[in-house]
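Engineer: Following this message is one structure expressed as structure tokens.
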Amino acid sequence: MKYFKLAMLSAMAVGLIVSFAFAEGDVEKGKALFNDPKAFGAPGEKSCSSCHPNGTGLEHAGARGKKDWTNPGGKWLSLEDASNVCIMLANKGKTIDPRGAEMMDLVAYIKFLHKAKK
């Protein structure tokens, strides 16, 4: 029984480590979503890069410790919410799960843009 508990705790620890490693999102997938005018169920007329070519205007959006984000739709308490408003209003797409893989990828790319501008 002691070894079983040890094995279970070890498996849980490895699972947590792996989940944190992938929780950051994929920058390349985020870049592809950012540049795809058909992403998020949009009709294909505008992508995120239509308003933000090469990340223009998002230089500080991915800053660590940022407490609020402002876009034409208002002021938001999370980058995910601000992104969903842009997806819905500017791109005419459907909002995505704030905790889903697509959002994590998109946020990873926006954070990458911040680091790249430094």
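Each value in this text was obtained by applying a stated rule to the coordinates, not by laboratory testing. Since this is a predicted model, take the numbers as computed values, not measurements.
Engineer: If you look for lysine pairs in the range 25-117 that are eight or more places apart or on different chains, how many of them have Cα atoms under 21 Å apart?
Structural biologist: Lysine pairs meeting the criterion: 29.
Engineer: Also: Under the Karplus relation 6.51 cos²θ - 1.76 cosθ + 1.60, θ = phi - 60°, what is the ordered set of whole-Hz ³J(HN,Hα) values for the range 53-69, x standing for Gly and Pro?
Structural biologist: Values, residue by residue: x, 6, x, 4, x, 10, 4, 10, 4, x, 5, 5, x, 5, 9, 8, 10 Hz.
Engineer: Continuing with this model, one more query. So what are the three principal axis dimensions of the range 25-117 from its Cα atoms, in whole Å, longest to shortest?
Structural biologist: Projected onto the principal axes, the Cα atoms of the range 25-117 cover 34, 27, 24 Å.
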